[in-house]
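Below is one structure; the comments refer to it alone.
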Amino acid sequence: MKGYPSESVKNVTLVGHQGSGKTFLLESILQYAKVISAKGSVESGSTVSDFLKEEKDNQMSLSTSIVPVEYQNQKINFLDAPGFLDMEAEVTAALRVSSAAILVIDGQSGIQVGTEKYFELLRKYSIPTLIFIDGLAKENTEFDALITQIREKFGKGCMPLGVPIGEHSDFKGIARVFSQKERIYTNGSFTDQPMSENYASKLKEYRDMMLEAVAESSDDLMEKFFDGVEFTPEEIFEGEQSGVLHGNVVPILIGAPIENIGPAELLGNHRNRATCKQRSSSKTPVERSNKKSLTTINLELLSSKNLVVDPFLGRLSYIQVKSGKLDKSTVMQVVGGRDKLRPNQLLFFRGKDHVEADVVHPGDLVVLTKLDEVKTGMTLADPSVTTPLYGVPTLQPTLYVGLVPQTKADEDRIAQALQRIETEDRSVAVLRPKETGQLLFGGQGQKHIDLYIEKLNHQFKVNVDLEDMEIVYRETIKGTADVQGKYKKQSGGSGQYGDVHIKFSPTDEEFIFAEEIFGGSVPKNYIPAVEKGLVEAIQHGGLAGYPVIGLKAVLYDGSYHAVDSSELAFKMAASLAYKDGFMKAKPTLLEPVMDVKIKVPTEYTGDVMGDMSRRRGLVRGLEPIGSLTLISAKVPQAEMLTYTNDLKSLTQARGSFEMEFASYEECPQEIAVKVIQTRKEYMEEKHL
C-alpha cells in the first residue's frame, strides 16, 4: 500500500451501541470497494476488524481496529471502535485521530444507551458526524418515527439525505433528497432514475428538514429561510459542509448492508463531503520547528501492545503522524527522553493483516514495531521537540476486584502480565495497598474486568480467583492519655534501658511529634529515636491494625542509664508508650469517604438521590446540564464497591460517575465493630 499525501488521507471512526451493526457495515464497505471478495460475519468470527480471540468468543469489538480502504485515489482509514460501553477509552483514543465519525444506529432498535453516549462524546470532541441508519430491511423498522426520534434527541441539525424505497424485506433502494432521484439496488450495484410520484410528498417533507438544518449554518441562509427564498444547490451544499464541520449539521444516510445497500452512499459522502476533511484542533497542538523534517507522533492515540496472532512482530505502536514525513531513516525520541530511536518497521494494518509502508505523511495512521520502551500516551518527535502533544484524558477505574493467583506459577507470571495490560489500556489500574497487601485490578465495569481475566488466562496463561476489594481504614483517638513507656533488659553484660513519658492527644494533622524535655531527663541524642519509634509504631493501630492518623505525641519526661541506654532502647520505650496510650485515649475507626459526581438523565435524579441516602451518602449539590443532572455527594467508600453495576441497573446504563478520595471520617459504631472483628480474623489467619 502506497503512502498517500495528507490531503488524500481521511480517518473515520465507526461508533455505535453494541450490536448496532457497525462491524458488519465495515465488511460491506470492504466488499463494495473490492478489498475483500465476500463479507465475513460477527457470529462466525470471520470479520476483518474483530480478530482477537476475546472478540470472537464474545462476538463484539473490544479494541479499535484500523481498516484502510483505497477508494477513488483516496485512503480512508476506518477505525472500528468498540460499542461495549465499558470501552470508552478505546473510543476516545480513536476519535482523537479522526477527521470524522459515523454513528451507526440499528433501524430496528432505534436510539439506545450507547447511541446517546457516543453522540455526546462526538459533540464533546467536536467531531464532524454522519449518522447511518442500518438494517432497514429488518422487520419492525419505522423509518419516519426513527427520524423524528433522532431530531428530538440530537437536534434539528440532523437531516436525512435519503428515504427508503420499499419497507422491510421489500427495501430495494433510496429516494435521494438532494438530487431528487431514486437509486435502485440490484445485487450490490445500483442505477439512478427519475423520481416517481410515489415519493414526491415525502421527499418534500425531508427536503424541508434539510433546508432547515442548512439554514443554521449561516446568518445569511437563516435570513433567506425565514423570508421563504429558495436556496441554490451550491448554497445547500456549502451550507451543509460548513454545518457539518462546525457540528451544527449531521447528515443521515440509510441502508441495509446485508443487502449491500448503503456502502456506496457512505463512500461517496466521505469522498465528496465535508465529513472527510482533516481537522485542526486547539486540543491537539503540534510542536513547531524550523526543521522541515520534523515528525511529531502521538502514541497516546490508539495503543502500544503485542499482536497475539503474530507474536514475531513483538510490540506494536499504533500512531498518527502529526507533521513532517516518517520513513525508516527518521531519527526520533520520546519527548523528554534521551535515547534516539529509528523505526524498525513501518506497517499499514488492516485488521490483523499488514503490509510494509515506505513513507507516511501527516494525518495517516501507521504501526511501528518493537519499540519496547514506548508506552501508550507518549509522544515521539524530532529530537529538537521538547513539548509533548496534548494527551487523551485517562479514565479512572470505577470498579476494583482482588486477584488471587491460583498457583505458584500463576503468582510468578501475574506481575508481568498485569504490567503489559496496564501499559496497553489507560482505563485500567493495578494497585497493591501496603495496608492490606491485596492485589487489586480496576476497570470500567464488571464485564470490562471479566474480559481481562479471560485475557490473563488465554494469552498470559495466568489463572486467578476473584475476591472483593478490601477497604483501607484508618484509626485515630478522640481523647487524651498521659503514659509511661519503659524498656529495660538486663541479663548479664551490657543491658538496654529507655524510659519515656508521653502525652497523646488528637490533632487535625496526620502526626505531630513534639518534645518538652527539661533538665536532660532524656538526652537530646535519643529524642530522634523516640520520634522514629512512634512513627514506626503508628503504622499499626490497636483496634484492627490499620495505620493511625490525627495523633499528637509530646515527650515531656523520662530517664536514662549512663551505660545501658541506646537509641534502640528509646525506640522500644516509645513503642510501648504508644500501645498503652493509644488504647487509653478513646480510639476509634475511620473510614475513607469519597467525593462522588454522578451524571444522570434528569428523570432518574430522584431514584439516584434516594439510593445515595441508602448508602449513607450526603448529597451536596444538584446542577442541571441540559437533559442531565450532575449530583455531587460525599459517600463512604465501603458503600461504593458495587456502584458501577448498581448505577447501570438504576438508570438503564445511562448514568455515569467519577469519584476521588475526600477524607477519613469516623465510622459508625455498629459498622466499626464488624470491620474490627473481620480484620482481626484476617490477621490471625495470615499470622500477622
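Here, each number is a calculation from the coordinates, and none is a lab measurement. Fair warning: this is a prediction, and the values are worked out from it, not measured in the lab. Ideal geometry is used to build each Cβ from the backbone, glycine not excepted, and the neighbour counts take in all protein chains shown.
Brief remarks follow.
- Inverse mean reciprocal Cα-Cα distance (Kirkwood Rh) of the range 590-671, Å: 12.8
- Coil-residue GluC sites (Glu not before Pro) of the range 467-548, DSSP, other Cβ within 10 Å capped at 15: Glu509, Glu510, Glu516
- Cα centre as origin, Lys/Arg/Asp/Glu Cβ charges: the range 590-671 dipole, Debye: 260
- In the chain, a dipole from Cβ-located charges (positive for Lys and Arg, negative for Asp and Glu) runs towards its positive end, and of Tyr4, Ile671, Leu555 it is Leu555 whose Cα lies farthest in that direction.
- Dipole of the chain computed with +1 at Lys/Arg Cβ and -1 at Asp/Glu Cβ about the Cα centre; of Gln396, Val104, Gly617, farthest Cα towards the positive end is Gln396.
- When shorter helices are ignored and each DSSP H run of at least 4 residues is given -39500 (n - 2.57), the per-residue value for the chain at 222 nm works out to -8500 deg cm²/dmol.
- Residues Ser179, Ser565, Ser656 arranged by fewest to most Cβ contacts within 10 Å: Ser179, Ser656, Ser565
- The chain: angle of helix 605-614 to the longest principal axis, Cα-based, in degrees nearest 10: 20
- Residue separation of Lys340 and Asp208 scaled by 0.36 nm, minus their Cα-Cα distance, works out to 41.6 nm of gained length.
- By the beta-carbon count within 10 Å of each Cβ, the least crowded to most crowded order of Tyr4, Tyr71, Tyr118, fewest first, is Tyr71, Tyr4, Tyr118.
- Against the chain, whose longest principal axis comes from its Cα atoms, helix 200-215 is set at around 50 degrees.
- Residues with amide H under 5 Å from that of Val104, placed H, sequence gap 5 or more: Val15, Gly16, Phe132
- Going by neighbour counts of Cβ atoms within 10 Å, the residues Asp508, Asp425, Asp57, Asp80 line up, fewest first, as Asp508, Asp57, Asp425, Asp80.
- Dipole of the chain, positive direction: furthest Cα of Thr386, His448, Gln406, with charges on the beta-carbon: Thr386
- Acute angle (nearest 10 degrees) that the helix 22-32 long axis makes with the longest principal axis of the chain, alpha-carbon atoms: 40
- This structure gives Cα extents along the principal axes in Å, computed directly, and of (i) 66, 56, 53; (ii) 111, 60, 50; (iii) 84, 80, 57 that value is listed as (ii).
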